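Derivation of every value follows stated rules applied to the coordinates shown; laboratory data play no part. A quick note: this is a predicted structure, and the numbers were derived from the prediction, not measured. Here the Cβ positions follow ideal geometry from the backbone for every residue, glycine too, while neighbour counts run over all protein chains shown.
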Amino acid sequence: MSAVSLHQLNKFDNMDYSSALKGVYEHSPWIIQKTLNDRPFNTVEQLHDACVSIINGASHDTQLSLIRAHPDLAAKLEQIPNLTTFSQKEQSKAGFSSLPLVVINQLRNELARYRQLFGHPFILCLAENSAIDVLPILKERIKSDSNTERTACLFQISRIGWHRLCSIIDSNHL
């Protein structure tokens, strides 16, 4: 995927715009589609803020669907082909393959416990955290109530979206 300028993005027809930003929000193109009429954006931050407003303004059920669209961290190898290109790169870059087996097993157990407790995957922006950070953060967040954790997941999704937008949009040629 090649970077596009914000100027180009603003000029794209609806299909090209949606296609250029495909995958920013995991299996949730509705977020980008709802920004179509908000163009033109003067900055990447403005586009990101529009996306975050759409997510925060969505119904509780829609927010949960967005959270559930994300893969579990440290996805099993057989799940990798089903992940979006962004998720594959993020999980690989985070360094899960370099973790000791005992930590991977502990992480899988805690992730399963988390999913059972909250009914959705644990979301963490891997661009801002390494694999070694995940387990302590997970152990802390698992103590939260469901509303606090839903809010935490939505915040992490917004951070993931920010990094993905920055990887798509050429900030040197806004």
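Here residue 106 and residue 129 are evaluated by their C-beta separation; at R0 = 25 Å the FRET efficiency comes out at 0.90.
Applying 0.36 nm per residue to the separation of residue 33 and residue 137 and subtracting their alpha-carbon distance, the gain on full extension is 34.2 nm.
Only Cα pairs under 8 Å and 6+ residues apart enter the sum, and on that basis the relative contact order of the chain stands at 36 percent.
Within the range 134-174, all pairs of alpha-carbon atoms sorted by distance into 5 Å bins from zero give the percentages 5, 20, 18, 20, 12, 10, 8, 6, 2. Could you state the angle between the C-alpha long axis of helix 101-118 and the longest principal axis of the C-alpha atoms of the chain, as a value from 0 to 90 degrees rounded to the nearest 10? On a 0 to 90 degree scale, this one is about 70.
The stretch between residue 166 and residue 97, if pulled fully straight at 0.36 nm per residue, gains 22.3 nm over its current Cα-Cα span. For Cα extents along the principal axes in Å, the value calculated from this model appears in (i) 50, 33, 24; (ii) 68, 44, 26; (iii) 68, 33, 31 under label (i). Of the residues 143, 93, the one with the fewest other Cβ atoms within 10 Å heads the list, and the complete ranking is 143, 93.
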